[in-house]
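*Asks:* Structure incoming, see below.
Values quoted throughout were computed directly from the atomic coordinates according to the rules given, and no laboratory measurement underlies them. Keep in mind it's a predicted model, so treat the numbers as computed, not measured. A quick note on method: Cβ atoms are made from the backbone with ideal geometry, for glycine too, and the neighbour counts reach across all protein chains shown.
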Amino acid sequence: MKIINILIILLIIYSVEGNITKNGITLQSFELSQNSINWTSLNPSITFTLSISVTSSYFFEEFSGSIDGWAFNPYLIIPFQRDNIISSNENTNEIQFSVCVPVTTLNGCNIRPGQSSAECLYGFTFNQKPNPTNFYYQEIQGAFGSENTQLVIYQSLMAPELLEFNVQVHPDGPLVSMSFDILNYGRGLFEIQMTFSNVSEGYTYQNTLSLYSFQTADGLYYLEFLLSPQYSGTEYQIDLILISDFEGNVLSLNNSQIESQYGYNGFTIASNEFPLNTTVTGRLYNFTSNVPKVVQGSLLTDYTLLIVDLQLDDYRLLLNGFNAYTFCTTFYQNSTWVQIYCTLPPFKNYDPYSQLIFSAENALIGREDSIPFIYLNSNEKVRPKVNETKYSVASINQLQPFYIESNFTFECTSAAFNEIQLGNANSGIYLNSLISGNLTSGLISSWWLFNSEQGESLTDYLLAITDSKLQFLQINLKGPQTTPIKYQPNGSYASIQFSETIFDLTNYSSSSLPFIITTTTQDQDELVSSYFSFMALDQILSSAVTNHNDSSGSLLMSNGTTSIYHTFVNVNQLNLYGGTTTFQGDFLIEFNAQFLSNTVISQLLTSKCFTIKTPTFQPTIVTMFEVNAINPISTLENQFLNIMIQTKGQPVLGASIQIYSQFLKSYLSQSGPFTIECQLSSPFSYSSLVSEYQCQLPIYTWPTQRLFFNLELLIQGVPTTIYNLQLQQYGFTSFFDIIGPNDNGLVPTVSTFQTNFNSNTNGLTVNYQIVNPSNFAINQVDFYLFNRLVPINQQNSSFLNQILIYSDNQSILNQSISGTFTVNLCQLDAFQYQYQDIGIFISIPSVVSSIVGATNYQFPYEILVKMDPNEQKFPINLKLCDYSGPRLVDMGVLNPSSIYDTTDGPVNVTLYFDITDDLSGFYNLEGQIQSFDTTTNSYTEFYNDNFQLGNEALYNGNLNNGRYLFNWTIGQYSNGLYQFLPYQLNDIAGNIRQYTYQNILLQFSDNPYFITAYSAYPDPNLPQLNDISVTESSEISVSISGVASKVTVHFDCGQTEIIPLIPLNNTNYISSNLVSFTGSTQVYYFSICIKSTSMVDLCYSWLDLQHMGLPNSIILYNSYL
């Protein structure tokens, strides 16, 4: 069956009879829901209904076409397909269908700024053999009359109106707030732009600020910014205000107009701002360096240390030092003298233009310097080699997707390995897992999911290897002969069913609608994935996983050719928030599906428009802002500021405090404020409309300063700012005067650093003592392990470089702490085989890191190695580290029988799994049981269930090489073939090994793991669904007849959840605490699945429940989201 595409652009108010015939297609009548559209903020749509008659009967099955915008947009194609058909009569060869088209999809018929209206000049295309048939707009007008066929889009030509404009300078600092009360006549505001300049003597300063986000808590729009009188003066004038809308209308106000209409022509800020102590001009620092003009790096031991000494003007400067091939740390001698230690490893690429770059900045100015040098490396033109390749299979002959393993032996000359890329495998597979040797000569191993139908082939493929010198070798290799599966052309098809079309966000922050995907396939060409797109905003929407081999619960039924999936599409406020305004009204959804054969189905759902209903605006106000201290606030007396925020109005799903500091970039900066996330302390009440949040600001490290702030609230899920001016108007605290300690010039130091390494266990022990003589408290000391040979910033390298191995979170002020810790390197999650030349450095977050940025007190490897009696010598025994997952060696049935007779009762079957794991030991196996017919490769009475096998099921042997038993009961009256598919094995170290059914067949071709059950009689107690009810406590109650082994509800809350119901007796089941599974308060649609004792799944989709007249949705309230 082919997908049918049809395109629309039009609508009419009543049905008109006419007659146009072309190539056996007669256009008989059509109807537009309206002839004119007033395009406002609510996006409307047009429904087009068309009747045709045809002479070819095949057209009923292969029906396709489009409504086209040739005259005004040649790329506009709005398709429809068989799903758009309302009725058809093969006796009269007549078809009636409709298409819904949002005005956004029409793009307003390309209406231009300054145009009050635009006419849609549409046409129709019907795809038939051998050539498509077109009906042009002039022909349609001639047959049906222009008064009936005309469609006109109207837009507003009225510019926005500024009803009120206010400017207020904060009474306690240089924070300027502007509020705009704007009346808009069109689709929405596009931009508010304000230009201002300094008129103080001796200053030249002008800036333009723009507002593009128009989410509002009180109906007004705000521009708010922080200035520095030291930098830009105190007297300012407002030069220009521009307010534009989406129609292109612009309100322009110059300085005199602003003064005459609103009483403002400028503003003044005070010059005596709270202490700034920030350099406004000057060099910020002086520096000297030991960087040589030429750096030689030709040997494995050629590590080169580059040191730059910086004398800082201010201890609060944000400092960075970096180079693409170096590893840099900041070693503070005192609060204003810092040495940047940059270690250049060997085997870097020859570069005559290398440079060490470092920079510093404060709130107002920045500075960057670089020191050039030449890097030399012998043998720089010797390319890396691949000496040997091995694969886990000898050939790939029409195989379904499977996990393939590959080994590559490589050799680099005066360089370190970077990566191997296979060009014809999944558009480039990158291999970088070293399993033996070292980074100059070793063995790389990897495994990945191989699918020959997605363009992957190893018959002749391109291999590329690169090293640390960026030397590059491409070679053509011959691997396993690859023959793709021969799928039948057009053998896979997917159709969509839906009935609900309204995403109702009037009372919820999120809304989900259910969909049924039905696939028809041949040759086991099953569905791999699908997704839905929000066409108006070009977004992929959240939906369930729809993979035939996935056990997430979306697959409800499969018989080998037809499969049915339950999925959903979720829309939330953030989806609709395009950065300017919230989308509302009608839109289209596009469905996309991909099959194993790489067949892609793309279908724009135009039979009905989807509609978004957004809540009517109601103010959300801050009713409480309580702080546990009053200004001025001493950091010695208050380590934390605790703030309680209470709001009233719409649900607030998140809150944060955004702090603006003179030591940060100001409001004028793109870097934005420093943000403190708040925690929900009292969930939203649907009766009082109140939410409460608790915020904690760690001020104990903050220097003396005045801080301004605002609130960022997720009102109904949309980021909305409560500006500082609003907090002032509410009568709340709007700034913090922080009185911090004075800088005494001292910094933390390491007085003791000792290491010990046990090669028998790979245990690393560190003994340390940290002294903090400064006046600033620190409460965190971090110890990092890093790979010295691979710099953290090395380009084109996907190797991990540094691992946080330990944090000491003791608070230190004018005292010392000491401690000892031991870590097993093999048990570090990120530790890899290539970590062979390793070292440790220490990093202490700066005393002002929470305000200034990421500057840290660090102690370089080169300093610590001199303090360490062991000299950081870590002879790692890599044979003790477990980097590979368990392997399934054998599986089968103990005392197997060709047929298990279940006529007289259930039968117990014991399966065995022989599993090896090299070091840590086997942990568990995850698998799937499905009914299957090997003769026709089709699914019989559908049965699908998961199973797990843990290491407690060990029968003999040990966790490194053992046999595990799994007992399975075949229920009475079971009749079918059941396959066991282990899809993932896990070991204790966390390594995994994955399998597909094809992997099982490749490894165990003589034992495909089928169990055949037979019953002379059908199940007399096969269950069926009788009734569903939703209880007052928002639980689902299910009544069945017959006998079930399990009843589950499948519903969607960000993913498909399978929730077992609790049996009250043999026929009644009920859910428990459904709200614990929810992601947000909304309506959830569900399906019900019943497992019979005779191994049959009976699933009722939400659509089945609707047709049965039973409840298929439930409202679940999650007060926290």
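*Asks:* Across 10 Å bins from the origin, how do the percents of Cα pairs in the stretch 161-268 run, short distances first?
*Replies:* 14, 47, 31, 8, 0
*Asks:* Could you compute Rg(Cα) / (2.2 N^0.38 Å) for the stretch 621-739, with N its residue count?
*Replies:* 1.05
*Asks:* Here is a follow-up. Using every Cα-Cα pair within the stretch 449-492, state what percent have a distance larger than 14 Å.
*Replies:* Result: 62 percent of Cα pairs exceed 14 Å.
*Asks:* Can you sort Tyr353, Tyr236 so the residue with the fewest Cβ neighbours within 10 Å comes first?
*Replies:* Sorted ascending by nearby Cβ count, the order is Tyr353, Tyr236.
*Asks:* Can you give the extra length, in nm with one decimal, that the chain gains between Asn1026 and Asn507 once fully stretched, where that is 0.36 nm per residue apart less the Cα-Cα distance? Before the final figure, lay out each step's value.
*Replies:* On the way: separation 519, 0.36 × 519 = 186.84 nm, distance 3.23 nm.
Contour length minus Cα-Cα distance gives 183.6 nm.
*Asks:* Among Ser354, Ser179, Phe532, whose Cα lies farthest out toward the positive end of the dipole of the chain, if unit charges sit on the beta carbon of Lys, Arg (+1) and Asp, Glu (-1)?
*Replies:* With unit charges placed on the Cβ atoms, the residue in question is Ser354.
*Asks:* Related question: Please state, to two decimals, what the Cα-based radius of gyration of the stretch 1024-1116 comes to when divided by 2.2 N^0.38 Å (N = residues).
*Replies:* Relative to the 2.2 N^0.38 Å estimate, the stretch 1024-1116 comes out at 1.00.
*Asks:* On a straight-distance basis, which lysines could pair with Lys293 in a cross-link, Cα separation under 30 angstrom, same-chain partners fewer than 8 positions away excluded?
*Replies:* Hits, sequence-local ones excluded: Lys348, Lys381, Lys469, Lys866.
*Asks:* In square nanometres, what is one fourth of the surface area of the convex hull spanned by the alpha carbons of the stretch 493-613?
*Replies:* For the stretch 493-613, the mean projected area of the Cα convex hull comes to 7.6 nm².
*Asks:* Choose one of Thr749, Thr704, Val250: the residue whose Cα lies farthest towards the positive end of the charge dipole of the chain (beta-carbon charges +1 Lys, Arg; -1 Asp, Glu; about the Cα centre).
*Replies:* Thr749
*Asks:* Using a simple charge model, +1 on the beta-carbon of Lys and Arg, -1 on the beta-carbon of Asp and Glu, nothing else, what dipole does the chain show about its Cα centre, in debye to the nearest 20?
*Replies:* 1700 debye
*Asks:* Taking Cα pairs under 8 Å and at least six residues apart, what relative contact order does the chain come out at, in percent?
*Replies:* 8 percent
*Asks:* Starting from the Kirkwood radius over alpha-carbon pairs of the stretch 887-1014, derive D by Stokes-Einstein at 25 °C in a medium of 0.890 mPa s and give it in µm² s⁻¹. Mind showing how you got there, number by number?
*Replies:* Values: Rh = 15.2 Å.
Reported coefficient: 161 µm²/s.
*Asks:* Going highest first, how would you order 179-190, 200-211 by mean Cβ packing within 10 Å? Walk me through the numbers on the way to the answer.
*Replies:* On the way: 179-190: 18.4, 200-211: 12.6.
Descending packing order for the listed peptides: 179-190, 200-211.
*Asks:* Could you work out the per residue convex hull volume over the alpha carbons of the stretch 285-376, in cubic angstrom? Walk me through the intermediate numbers first.
*Replies:* Details: hull volume 7.7 nm³, N = 92.
So the per-residue Cα hull volume is 84 Å³.
*Asks:* Taking K and R as +1 and D and E as -1, what net charge do the other residues with C-beta under 13 Å from the C-beta of Glu164 add up to?
*Replies:* -3
*Asks:* Report the percentage of all Cα-Cα pairs in the chain whose separation exceeds 51 Å, rounded to a whole percent.
*Replies:* Numbers: 264285 of 627760 pairs.
Tail of the P(r) past 51 Å holds 42 percent of the pairs.
*Asks:* Around Glu388, with a cut-off of 15 angstrom between Cβ atoms, what is the net charge of the other residues, counting Lys and Arg +1 and Asp and Glu -1? The partial results should precede the final answer.
*Replies:* Working: positive: Lys385, Lys390, Lys478; negative: Glu405, Glu411.
Summing Lys and Arg as +1 and Asp and Glu as -1 gives +1.
*Asks:* Please state the equivalent ellipsoid semi-axes for the stretch 16-154: what are the square roots of 5 times the Cα gyration tensor eigenvalues, largest first, in whole Å?
*Replies:* 27, 15, 14
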